[in-house]
Amino acid sequence: DVVETQEHYKSRWRSIWIMYLTMFLSSVGFSIVIMSVWPYLQKIDPTADASFLGWIIASYSIGQMVASPLFGLWSNYRPRREPLVISTAISVAANCLYAYVHVPHSHNKYYMLTARALVGFGAGNVAVVRSYIAGATSLTERTSAMANTSACQAVGFILGPVFQTCFTLIGEEGVTWELIRLQLNMYTAPVLFGALLGVINIILIFAIFREHRVDDMGRQCKSINSEGEENDALDQDTEGNVDHVAVVALNVLFFVILFVFAVFETIATPLTMDMYSWTRKEAVFYNGIILSVIGIESVIVFMVVKMLSKKTGERAILHGGLLIVLVGFFILLPWGKKLPNIQWQEIKNNSIPRTVPTEMLMPFWSLQEMQLPSNHTAEPVGCPLTQSWCLNTPMVYLAQYLSSDVLIGLGYPVCNVMSYTLYSKILGPKPQGVYMGWLTASGSGARILGPVFVSQIYTHLGPRWAFSLICGVVVLSLLLLEIVYKRLIAFSVRYGRMQE
């Protein structure tokens, strides 16, 4: 047993703080444009529809899903600095590409798709971050460290929309640097800022980050990732098999948690534009504020969870978090009688679906005729008639939407941090890079299917079907948690080396 020195302890936590920063920047890279992707896509490529929006948002996760196991495997055998620097550099380059997607004369939407996929590929370093923190903390430090990691991720989600909201002051046109064909506006400034943060992150990784490892009881161990050290540095405490049933179950639960939150993020802008007749700029601004408030709520939840888990345990808190998410989506179901406003421009252009009886449109036509703006090129607002459900599905009231925001903002961070904490404890002292890669990949898979699912179901069937199906998915995940509840225990506890 090697007693940890004070110098080792300080260096270990400095490195962990660099990992917190990397996690923060990874989430900023996703959230800094999430509210503006749809209006920017409409501006640079009018051929793009709401379904393509789902693919663009999903492309980030496709990249992350591919990269996570690769970076995780890399980090199991080589110094973690290598995958961390390479992945961050990829994200920086991809953000610069995003700033130039307006330049080509055609197929702009595919350039945006590529840029977001590469940003996601760079974000595959989340697996490296989580595996390092799991290996560099004792069992008693783990929940707090994982909560801090998730809190940094949440702060990234807070500040991303805040940055985006601040950059709306530049406006849609902004300023243009003709020499390098760079447009600096409310859509491109955030990603360029994200690229700058990535460069700073790379410098800090080189300057401060060092490899460290402790076992579940906090004893200093050699790290298999350090240069010049052998791979047989693992001690006898690694003997024993990982409970793969628990591992698979947590991957499924994590998939569901990320799936429902991806649905929530993706639908926010289209839903509010349809239900409350917000313009593109209003939707970006207001949803940016709402997501920022949710992020602040999440950080508070992470701090509370660290204390609460010591009394109730991670499994009970995960169960409660899933229940809160279920209630949040149940509230989103349309219950009233009032229908959303209909876009006047589609009626004016006679682009009415043939399946819609003309007499159904007369009340809307006579009402909207009086309200048509004198400038017919104004941005159309309201629920478009291409979504036929707009004519018979009640609107989701603003109070419903805000209440759901609060509940999902409470339940999601609880589920997120408990999933990672339980997962790392189940894996124990073995190298976790690949396992963390698979967990991150399952979350990325959820972020792929979530936006595609909701953009298709919402566009064709409406919010009632979309949110009902989400409620059903969460109920099934609660049943799975009940089945595997007793297996979700730490590796060292399972083999009798520590008490729960």
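The values are calculated or read from the model by the stated rules, or taken from the named source; none is laboratory data. Predicted model only: the values in this text are computed from it and were never measured. Positions of Cβ are generated from backbone atoms using ideal geometry, with glycine treated the same way; all protein chains shown enter the neighbour counts. Accessible surface areas use protein heavy atoms only, side chains included; no ligands, DNA or RNA. Shrake-Rupley method; radii C 1.70, N 1.55, O 1.52, S 1.80 Å.
Considered as an equivalent ellipsoid built on the Cα gyration tensor, the chain has semi-axes of 43, 26, 17 Å, the largest given first.
Ellipticity at 222 nm from helices only: DSSP H runs of n ≥ 4 in the chain, each -39500 (n - 2.57), divided by the residue count, give -23500 deg cm²/dmol. The listed peptides 475-487, 428-440, 395-407, ordered by packing as a protection proxy, come out as 428-440, 395-407, 475-487 (highest mean of other Cβ atoms within 10 Å first). Distance between the C-alpha centers of segment 303-333 and segment 252-295? Whole Å please. If you average the Cα positions of each part, the centres end up 21 Å apart.
What whole-number value in Å² describes the accessible area per residue of the chain for a 1.4 Å probe? Display every interim value, and only then the final one.
Values: 20710 Å² over 500 residues.
Spelled out: the 1.4 Å probe surface of the chain, per residue, equals 41 Å².
Applying the Karplus relation 6.51 cos²θ - 1.76 cosθ + 1.60 with θ = phi - 60° to segment 181-189 yields 3J(HN,Hα) values of 6, 9, 9, 9, 9, 5, 9, 9, 4 Hz, where x marks Gly and Pro.
Summing charges over all other residues whose Cβ lies under 15 Å from the Cβ of Val126, with Lys and Arg as +1 and Asp and Glu as -1, gives +3. Within the assembled protein chains, the solvent-accessible surface assigned to His460 is about 110 Å², based on a 1.4 Å probe. Counting only alpha carbon atoms, the long axis of helix 314-331 and the longest principal axis of the chain meet at about 0°.
Taking amide H as placed 1.01 Å from N in the peptide plane, Cys383 has its amide H under 5 Å from the amide H of Asn341, Ile342, Gln343, each at least 5 places away in sequence or on another chain. What the phi angles of segment 412-427 give under the Karplus curve with 6.51, -1.76 and 1.60, with θ = phi - 60°, is a coupling list of 4, x, 4, 5, 4, 5, 5, 4, 5, 5, 4, 4, 5, 6, 5, 6 Hz, glycine and proline written as x.
Pairs Lys10/Lys430; Lys109/Lys281; Lys109/Lys338; Lys310/Lys430; Lys306/Lys486; Lys109/Lys337: which are spaced more than 27 Å apart, C-alpha to C-alpha? Result: Lys109/Lys338; Lys109/Lys337 exceed 27 Å. Accessible area of Glu178 (1.4 Å probe, protein heavy atoms only, ligands and nucleic acids ignored): about 140 Å². In this structure, the amide hydrogen of Thr137, modeled 1.01 Å from its nitrogen in the peptide plane, lies closer than 5 angstrom to those of Val214, counting only residues at least 5 positions away or on a different chain.
Take each peptide in 186-196, 28-38, count the other Cβ atoms within 10 Å of every residue, and average; sorted highest first, the result is 28-38, 186-196.
Computed over protein heavy atoms with a 1.4 angstrom probe, the accessible surface ordering of Val325, Val162, largest first, is Val162, Val325.
Rank these by accessible area, largest first, 1.4 Å probe: Tyr458, Tyr286.
On the way: Tyr458 5, Tyr286 95 Å².
So the residues, ranked largest to smallest area, are Tyr286, Tyr458.
Among the GluC sites (Glu not before Pro) within segment 236-295, those in coil by DSSP and having at most 12 neighbouring Cβ atoms inside 10 Å are Glu239. Annotation: amide H-H contacts under 5 Å for Leu184 (H modelled 1.01 Å from N, sequence separation of 5 or more, or interchain): Val175, Thr176, Trp177. Please report the carbon-and-sulfur percent of the accessible area for the chain; probe 1.4 Å, protein heavy atoms only, DNA, RNA and ligands left out. Solvent-exposed carbon and sulfur of the chain make up 65 percent of the total.
Between the Cα long axis of helix 6-31 and the first principal axis of the chain there is an angle of about 20°, rounded to the nearest 10.
Distance between the 7 Å Cα→Cβ label points at Leu402 and Lys337: 2.5 nm.
With each label modelled as a point 7 angstrom along the Cα→C-beta vector, the Ile208-Ser51 pair spans 4.7 nm. Which net charge results when you count Lys and Arg as +1 and Asp and Glu as -1 among the other residues whose beta-carbon is under 14 Å from that of Ile202? Every neighbour counted, the sum reads +1. Cysteines in the chain that lack a partner Cβ within the 4.7 Å cut-off: Cys96, Cys152, Cys166, Cys221, Cys415, Cys471. Taking every C-alpha pair closer than 8 Å and separated by at least 6 residues, the mean separation divided by the residue count of the chain gives a relative contact order of 26 percent.
Computed 3J(HN,Hα) for segment 105-121, one whole-Hz value per residue from the Karplus formula 6.51 cos²θ - 1.76 cosθ + 1.60 where θ = phi - 60°, is 7, 8, 6, 4, 5, 6, 5, 5, 4, 5, 4, 5, 5, 6, 4, x, 4, glycine and proline marked x.
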